[in-house]
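To keep things clear, I will list the structure first and then write my remarks on it.
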Amino acid sequence: AKPEEVINYELGLKSTLLEGNLRLNAALYQADYTNLQFSDRDLFDMNGDGVVDRVTSTVVRNAAAATVRGVEIEIDWAITARDYLHLASAFMNARFDNFQTPDTLFGNLFNPYVNSDAGRAAKIVELSGNSPVRAPDWKLTLLYKHNFEFNQGVLTPQLKATFSDEYFLDIYNRRDLAAGVFN
């Protein structure tokens, strides 16, 4: 794979409020990638029946260009001397801007992006506009913890919940696969 390069633009705010008990951070950003690296497992249908027959090792490849834009907001709040709340939210738009790759996944079965007879014959897949792997449009994390003080020390249990939009686990952005495609 070629070296990955990124130019990142960020406008941010860091503030401390409520006599130091509340920290609010926010960032608006854009990352412009050249040769964005990703890893993917090659899956093959050797006999043309639409079922994976062979899985090879993980391969690192490059997407020619990708853009990631978003906003992140974090709040850390010491509610009391024993209670702490953390909130992190992210809203993101991540897309491959320019990405054509050899088709190593089942020919046209998973590749509705093959848009020409020449592309089909060369087994080149057009993935421009797809989302990178594990890039949800939004994600929210809430964390609460409380310190219980004892003579021998402090016990700090915490509750954490994370919610996110759907995201893809491969560059092809596959969804709604027929039953039995992956044994």
*Answer yes or no as to whether Thr34 is in a strand (DSSP E or B), at pLDDT below 75 and β-branched (Val, Ile, Thr).*
no
*Note down all Cβ pairs under 6 Å where the first residue falls in segment 135-152 and is without any contact (Cβ under 8 Å) to a residue 60 or more places away in the chain, the second is basic (Lys, Arg), and they're at least six residues apart or on different chains.*
Leu143/Lys160
_Candidate set from segment 3-18 (those that are of a type in the set (Asp, Glu) and modelled with pLDDT under 95); member that is least open to solvent (accessible area, probe 1.4 Å)_ = Glu4
*For segment 42-95, what are the residues that are within 21 Å of Ile124 (Cβ to Cβ), of a type in the set (Lys, Arg) and either open to solvent by less than 30 Å² (accessible area, probe 1.4 Å) or modelled with pLDDT of 80 or more (or both)?*
Arg95
*Subset of segment 157-181 that is open to solvent by 60 Å² or more (accessible area, probe 1.4 Å) and modelled with pLDDT under 75 - its residue that is nearest to Asn62 (Cα to Cα)*: Arg175
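The values are calculated or read from the model by the stated rules, or taken from the named source; none is laboratory data. Everything numeric in this text was worked out from a predicted model, so none of it was measured. All Cβ positions, glycine included, derive from the backbone under ideal geometry; neighbour counts span all protein chains shown. Note: areas computed on protein heavy atoms with side chains; ligands, DNA, RNA excluded. Shrake-Rupley method; radii C 1.70, N 1.55, O 1.52, S 1.80 Å.
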